[in-house]
Amino acid sequence: MVSRVIPVSTFDLVLFGATGDLARRKVLPSLFHRFQVGQFSEESRIIGASRSDMSKQAFRSFVAKCLEEFSDTASADESCVKRFLNLIDYVQIDASTETGWDVLSSKMRPQIISVFYLSVAPGLFGTIASRLRASGCSNRESRIVVEKPFGHDLPSAQALNKELLNSFEEDQIYRIDHYLGKETVQNLMALRFANSLFEPLWSAAHIDHVQITVAEDMGIAGRGEYYDQSGAMRDMVQNHLMQLLCLIAMEPPSKFSATAVRNEKVKVIQALEPVSNANIARGQYVSSMPGEDYLDHAGNPHSQTESFVAMKVQVANWRWAGTPFYLRTGKCLRERVSEIVVQFRDPPHMIFDGTEGHKGNTLVIRLQPDEGITLHTTIKDPGPGGMRLADASLDMSFADTRVPTERSQDAYERLIMDVVRGDQTLFMRGDEVVAAWEWTDPTIEAWQEKRFAPSTYDVGGSGPEDSLLLIHRDGRRWRPIGR
Ligand code: BG6
């Protein structure tokens, strides 16, 4: 396999919230990695913008430190780091006042693609967008990038959309869901739409059920204040799990374009049935170590917020009626594993004796770690002993298909380059976000109304007991978290 880096056009990227956590951990290292492989030239510029009073030199030192901490500078030659730092500029800017906007405007090059990356609290999206426009920093070719949380519920998401649309057109707005930038998530589309093998089987007629698991081993310590306002449903299901569900359930788009792909995704979200409390399990982790429970990390002894949620979801359309989608996600679970399990129906009639336990085929799509796809099949147990059956798997690890010297790309690297290219396929459209909240809100309201309290689960386990019951009562089992 040949590594191909397709250079992008020269750009000016203005990073608001340039000294924040996301900028340090993800955005700046991702830009460096793309520079390192030659995807953009020294003509491009990265302008940090924040309220801190800092010189350009001080910001460059800050960036150098981020790279040391969060990117592989050890393997980079020193001159590459130096050349990258030379692209960096800084403007002190205050979103709520006039300070700094004329300076920023004087730095913009109107003939060059401009990207405004808002790594700031959502409360500032609208103000920054309108100041960018009013100060003449942006033009019709500019792109604006925003991060989740994109709203807290339907009204707040609609208000955010409106604020952004006051200053930018929808085709200039890039709402990031970093799950869409993950290699395997895109591979999911390749698997479904570049192969003819699966499509005829991809429906309720042949698929018994689908499981989507995003398990994390980390807790919420250090971000309890944000998380406790949000919970697993808003933090993970409304966006990341929903995106995975869309890619599994959507109809084949007519082409791999932003409009065609996003049209199909919206239709899936609109087809989701509301989920009743009977089809939900919520949990909070508890630890045998003092001070390590969810309630301690949240800093709220009375919190009713869930750090785990599992649910049975129905996609009410012709393709999927009768095939449930079981979703689960949680913190402090046994391992960090994200995977999708597509369970095909059992053979309609088994001609072999003694074949209990041999079920329909299972397709497992692993997002992380160890990205890849495994198809579990049944074969004859090799050797003598009559016609006995055994499990065998067709296994593809994406690491094996990569050029050996090539590191795997972080989701942010791909997504930021897509912004520069002007490709919105892997970003959420405004109506998609709205549809996702339209489905999420009533579910949350229903559990709030009924005071549906979360149960507890042990740190390092698989989630609360009722999440097991949720699937066992349908005669099915979760695939274990971790091997
Ligand atoms: C973020 C959530 O969007 O995704 C976090 O806010 C979560 O709570 C993270 O930990 C998971 O992302 P990843 O890429 O590590 O699976």
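The values are calculated or read from the model by the stated rules, or taken from the named source; none is laboratory data. Note that the structure is predicted; figures quoted are calculated from it, not measured. Positions of Cβ are backbone-derived with ideal geometry, glycine not excepted, and every protein chain shown enters the neighbour counts. What goes into the accessible areas is simple: the full protein's heavy atoms, side chains included, and nothing from ligands, DNA or RNA. Shrake-Rupley method; radii C 1.70, N 1.55, O 1.52, S 1.80 Å.
Summary of computed values
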{"read-out": "Order by protection proxy (mean Cβ within 10 Å, highest first), peptides 191-200, 273-282", "value": "273-282, 191-200"}
{"read-out": "Area of ILE379 that stays accessible when all protein chains are in place (1.4 Å probe, Å², to 10)", "value": "70 Å²"}
{"read-out": "Long-range HN-HN contacts of GLN368 with modeled amide H, under 5 Å", "value": "SER338"}
{"read-out": "Sequence of LYS312, LYS380, LYS359 when ordered by accessible area, the most exposed leading, probe 1.4 angstrom", "value": "LYS359, LYS380, LYS312"}
{"read-out": "Spatial extent of region 186-334: Rg and Dmax, with the Cα atoms as the point set, Å", "value": "17.8, 55"}
{"read-out": "Where the Cα pairs of region 119-277 fall when distances are cut into 10 Å bins, in %", "value": "8, 31, 33, 21, 6, 1"}
{"read-out": "Cα centroid separation - region 4-23 against region 454-483, whole Å", "value": "40 Å"}
{"read-out": "Only Lys, Arg (+1) and Asp, Glu (-1) charged, at Cβ; the chain dipole about Cα centre in debye", "value": "680 debye"}
{"read-out": "Theoretical gain in end-to-end length, ASP77 to ALA453 [0.36 nm per residue, Cα-Cα removed]", "value": "129.9 nm"}
{"read-out": "Largest-first ordering by accessible area, 1.4 Å probe, given options SER106, SER397", "value": "SER106, SER397"}
{"read-out": "Per-residue ³J(HN,Hα) for region 103-112, Karplus 6.51 cos²θ - 1.76 cosθ + 1.60, θ = phi - 60°, Hz, x for Gly and Pro", "value": "5, 4, 4, 5, 8, 6, 10, x, 7, 9"}
{"read-out": "Shape call, region 444-483: gyration tensor on alpha carbons, a/c limit 1.5", "value": "oblate"}
{"read-out": "Gyration tensor over alpha-carbon atoms, region 11-147, equivalent ellipsoid semi-axes in Å", "value": "24, 16, 13"}
{"read-out": "Value of Rg to Rh for the chain (Rh from inverse mean 1/r over Cα pairs, i.e. Kirkwood)", "value": "0.99"}
{"read-out": "Rounded accessible area of SER303 (nearest 10 Å², 1.4 Å probe)", "value": "10 Å²"}
{"read-out": "Proximal charge balance of PRO442 [Cβ under 15 Å; K/R count +1, D/E count -1]", "value": "-4"}
{"read-out": "Sequence-distant residues sharing a close amide H with PHE116 (under 5 Å, placed H)", "value": "VAL14, ARG143, ILE144, VAL145"}
{"read-out": "For region 180-472: lysine pairs under 29 Å (alpha-carbon distance), excluding those fewer than 8 apart on one chain", "value": "15"}
{"read-out": "Per residue accessible area in Å² of the chain, where ligands, DNA and RNA are left out and the probe is 1.4 Å", "value": "45 Å²"}
